[in-house]
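The values are calculated or read from the model by the stated rules, or taken from the named source; none is laboratory data. Since this is a predicted model, take the numbers as computed values, not measurements. When we count neighbours, we look across all protein chains shown, and the Cβ atoms used for this are built from the backbone with ideal geometry, even at glycine.
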Amino acid sequence: MSPTGKGAALLIYGNHRLLVEDELNKVRQKIAQQVDLDFNLDVFEAGENDLDDALQAADTLPLASDRRYVIVKEAQRLTPSEVKRLERYLENPSESSLLILTAVDLKPSSSLLKLMQKRGRVREAAKRKDQIPGWIRSRFKERGLQVTGKAIAYLQDALGDDLMAIEGAVEKICLYHEGEGPVDLDEAVPLVAPTAEKSVYELVDRVAMGDGDQAVSLMRRLLEQGEKPTYILYALAQRYRELLLFHALRQDGRQLPEI
């Protein structure tokens with residue numbers, strides 16, 4: 001990779017901090033195979049450190065190496081004036097440094113994203129829904145454990161695409177796991193409760209279907225988890241309004257595709 005032009009800076013961004021960190025770690029591991037990072041790596045955090053310090057580090061010659069690497073985390077916090085300073089740096093970047101920025105939740109209109117698309121390279125760290133099972137499996141593998149498909153499916157169903165919650169669940173399950181066998185469904189269910197929002201929707205559906213026993217059980221679990229009764233009541237009322245509207249439209253002769 002050329003150290004000048006677009007090769008002088010890399011932006012790793014995405015909507016999930018864990019995925020951004022994973023991608024950054026892959027880059028660091030690759031770099032570590034070629035360079036002694038003890039002497040040629042500087043890490044800064046936007047909002048905590050001044051960008052000028054990072055740019056000054058990027059202008060410092062590497063030690064016993066051809067390249068120096070400078071990482072700026074949480075680059076979404078950069079102020080407009082700092083983005084301008086970054087732009088000036090990228091007009092004449094150091095030929096011996098790679099500036100790596102990481103950012104979370106950047107909007108397409110972000111001045112930082114536009115700048116990096118023009119002056120640097122960008123790499124989006126993202127996972128489609130169908131890639132989450134493989135990601136879950138990899139989190140267990142990193143901890144030396146195998147996991148069954150049923151346990152993976154339960155974690156994704158219970159926690160959706162909340163990767164931070166899934167990471168916490170994996171950590172918790174691994175902590176309690178005993179034996180050398182794979183983690184199975186019977187270990188995941190007692191340790192990982194569905195998110196409150198998902199449970200509320202399930203409660204609403206149970207009430208709508210007339211499943212009183214399951215509805216009461218879900219209600220108790222939600223209250224034990226600290227969910228506010230007013231939110232549960234609001235969700236139930238909203239669902240009943242939708243059902244009443246559906247019934248009224250059907251009575252009016254509307255067909256399903258029209259509703």
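Quick one: would you say Leu101 is surrounded by 16 or more Cβ atoms within 10 Å (Cβ to Cβ), out of contact with any Lys or Arg (no Cβ under 6 Å at 6 or more places or on another chain), assigned by TED's automatic domain parsing to the domain that holds Leu18 and not in a helix (DSSP H, G or I)?
For Leu101, the condition - surrounded by 16 or more Cβ atoms within 10 Å (Cβ to Cβ), out of contact with any Lys or Arg (no Cβ under 6 Å at 6 or more places or on another chain), assigned by TED's automatic domain parsing to the domain that holds Leu18 and not in a helix (DSSP H, G or I) - is met.
Can we say Glu167 is surrounded by fewer than 19 Cβ atoms within 10 Å (Cβ to Cβ) and in contact with a Leu (Cβ under 9 Å, 6 or more places away or on another chain)?
yes
In region 121-138, which residues are over 21 Å from Gly7 (Cα atoms) and in a loop (DSSP other than H, G, I, E, B)?
Residues satisfying the conditions are Ala126, Lys127, Arg128.
Identify, by number, the condition in (1) of a type in the set (D, E, K, R); (2) assigned by TED's automatic domain parsing to the domain that holds Asn92; (3) part of a loop (DSSP other than H, G, I, E, B) that Lys118 doesn't meet.
(3)
In this structure, is Asn40 closer than 15 Å to Thr102 by Cα and among the polar types (S, T, N, Q)?
no
Failed condition for Glu187, given (1) at pLDDT below 85; (2) in the same structural domain as Leu159 (by TED's automatic domain parsing), with all others met?
Every condition holds for Glu187 apart from (1).
Scan region 143-153 for residues that are in a helix (DSSP H, G or I) and crowded, with 19+ Cβ neighbours inside 10 Å and jot them down.
Selection gives Ala151, Ile152.
Tell me which of these Tyr69 doesn't satisfy, since it passes every other one: (1) surrounded by fewer than 21 Cβ atoms within 10 Å (Cβ to Cβ); (2) of a type in the set (Ser, Thr, Tyr); (3) modelled with pLDDT of 95 or more.
Result: Tyr69 passes all but (1).
All but one of (1) aromatic (Phe, Trp, Tyr); (2) more than 30 Å from Pro190 (Cα to Cα); (3) within 21 Å of the chain's Cα centre (by Cα) hold for Tyr69; state the number of the condition that does not hold.
The single condition Tyr69 does not satisfy is (3).
On the basis of being over 19 Å from Asp50 (Cβ atoms) and either part of a helix (DSSP H, G or I) or touching a residue at least 40 places away in the same chain (Cβ under 8 Å) (or both), does Lys107 make the cut?
no
Would you check if Glu258 is at pLDDT 75 or above, of a type outside the set (Phe, Trp, Tyr) and more than 21 Å from Ala193 (Cα to Cα)?
no
Would you confirm, using the coordinates I've provided, whether Ala158 is of a type outside the set (Lys, Arg), under 13 Å from the mean Cα position of the chain (by Cα) and crowded, with 18+ Cβ neighbours inside 10 Å?
So Ala158 fails the test.
Restricting to region 222-248, what's the tally of residues that are part of a helix (DSSP H, G or I) and either among the charged types (D, E, K, R) or touching a Cys at 6+ places or on another chain (Cβ under 8 Å) (or both)?
Total meeting the criteria: 4.
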